[in-house]
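Student: Just dropping this structure here.
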Amino acid sequence: MRTSLLSLSMLAALPLLSTQALAEDSPISANVALVSDYQYRGISQTNENMALQGGFDYAHESGFYAGTWGSNVSWLSDGNADVSSSLEIDVYGGYSTEFSGVGVDVGLLQYLYPGNYPAGYNSADTLEGYVGVSYGPVSLKISHSFTDLFGVEDSEGSQYYDLSASHEIAGFTIDAHFGRQKIEDCDGCSYNDWKLGVGTSVMGFDVGLAYVDTDIDSSVDIADQRVILSVGKSF
């Protein structure tokens, strides 16, 4: 599950890529990161453990783009020995442009969770469409699921609202986010999440620290307040 917008074999190949092969004027870019906890929409996807993540993007000068991104996950197999999925692969594509200082971004995002599942298991694979607008440091993105949302029965049509802002000061980027996950036909399942983070560059690496929390019942540890450290590199 990727906010911004791989197989593990692709990740393994990243150290072999040179910045010359993915030059700044190339439409192809890559990224890799190590995070202390993979959280998505406020909920840990790795039971509050570390994750290795990375992806590739292609951006055409016309505004069309496509990419793939991946991470290890554990939420499908936690507490269910019959599920072997431990990988998330996202594939996405869309179009972005700008009108009079207002950025517009539309696209599709397919979440895939390869692995073995018991008979009758409702697939966690999810297809979402999204529309985003931005002006200056503020952005609003709305995602709409065209399938059941991450395996929740009869949740097609669920929506996620992402309001974010960022500001750079003295070499640091301050990020703030508030989100609302609305889950169709699931009483008591909808919730809010929020994040406050700071990031900077250290010896060529992107280093970030973020505080995340949700209003989900505090007995659910993977949705509780926590601080997450990330170290990444873009090529």
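Student: List the lysines whose Cα lies under 18 Å from the Cα of residue 141, skipping any in the same chain that are fewer than 8 positions away.
Tutor: 182, 195
Student: Is there a quick way to get the dipole size of the chain? I mean about its Cα centre, with the Cβ of Lys and Arg at +1 and of Asp and Glu at -1; what is the value in debye to the nearest 20?
Tutor: The dipole magnitude comes to about 640 debye.
Student: Regarding the range 130-217, what are the three Cα extents along the principal axes, ordered largest first, in Å?
Tutor: Result, largest extent first: 47, 29, 21 Å.
Student: Residue by residue through the range 227-234, what is 3J(HN,Hα) from phi via Karplus (6.51 cos²θ - 1.76 cosθ + 1.60, θ = phi - 60°)? Round to whole Hz and write x for glycine and proline.
Tutor: With the stated coefficients, the range 227-234 comes to 10, 10, 9, 9, 9, x, 8, 10 Hz.
Student: What does the convex hull of the Cα atoms of the chain come to per residue, in Å³, rounded to a whole number? Please list the in-between numbers first.
Tutor: On the way: hull volume 31.1 nm³, N = 235.
Dividing the Cα hull volume of the chain by its residues yields 132 Å³.
Student: Moving on. Percent antiparallel among DSSP beta bridges with both residues in the chain, to the nearest 5?
Tutor: Bridges in the chain that DSSP calls antiparallel: roughly 100 percent.
Student: Would you mind ranking 113, 58 so that the residue whose beta carbon has the fewest other beta carbons within 10 Å leads the list?
Tutor: So the ranking, lowest neighbour count to highest, is 58, 113.
No lab work stands behind these numbers, since they all come straight from the coordinates. Source: prediction; values computed, not measured. Cβ coordinates were reconstructed from backbone atoms using ideal geometry, including for glycine residues, and neighbour counts include every protein chain displayed.
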